[in-house]
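Everything below concerns the one structure shown next.
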Amino acid sequence: MQMTSSRPYLVRAIYQWITDNGLTPHLLVDVSVDGVQVPAEHVQNGKIILNIAPMAVTGLVLGDTEITFSARFSGKAQGLYVPVDAVLAVYAKENGQGMMFSEDDGAVAQADKGDDSDPDLDPDPGTDPDKPKRPSLRVVK
């Protein structure tokens with residue numbers, strides 16, 4: 001028997017865990033997935049990081065097939081639509097803890113701050129070294 005995707009359940013659970021601990025939940029989204037509606041000017045390397053903290057968004061719905069909410073970008077409110085399949089990771093901004101998703105719904109990995117193994121998730125090497133780095137994610141087997 002074919003089971004439904006576990007990704008939406010895990011996104012909701014990790015979101016709840018992060019907010020329950022008073023931290024700021026962020027989504028890493030692959031904008032190449034059909035249906036993604038996010039501000040194009042904030043996309044970098046085909047991905048966008050979205051702050052989905054309760055104080056940063058309105059009308060957040062973490063559904064089984066999509067995530068919808070309204071957020072402000074450069075002072076202008078915009079509606080966002082993210083198919084759950086486009087979510088690559090959900091993690092806490094402050095410490096990088098959370099979950100990274102692979103292409104296969106059954107395989108998941110825990111996010112761990114400080115590992116530089118995935119250059120696509122790291123800032124450009126030419127950036128200011130004093131500037132805080134975004135959390136990097138690695139697959140734990």
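No lab work stands behind these numbers, since they all come straight from the coordinates. Predicted model, so just to flag it, every value in this text is computed and none were measured. Using ideal geometry, Cβ is built from the backbone for each residue, glycine included, and neighbour counts are taken over all protein chains shown.
Some points to look at:
- Computed E for M3/K76 - FRET, C-beta separation, R0 30 angstrom, nearest 0.05: 0.15
- Label-to-label distance, nm, for residues given as V33 and D20 (7 Å Cα→Cβ offset): 2.4
- Convex hull per residue volume in Å³, alpha carbons only, for the range 1-94: 102
- Distance between modelled label sites at R12 and H42, nm, 7 Å Cα→Cβ extension: 2.4
- Each residue of the range 60-75 was assigned a 3J(HN,Hα) from its phi angle through the Karplus curve 6.51 cos²θ - 1.76 cosθ + 1.60 (θ = phi - 60°); the sequence is 5, 10, 9, x, 6, 10, 8, 10, 10, 5, 10, 9, 9, 10, 6, x Hz, with glycine and proline shown as x.
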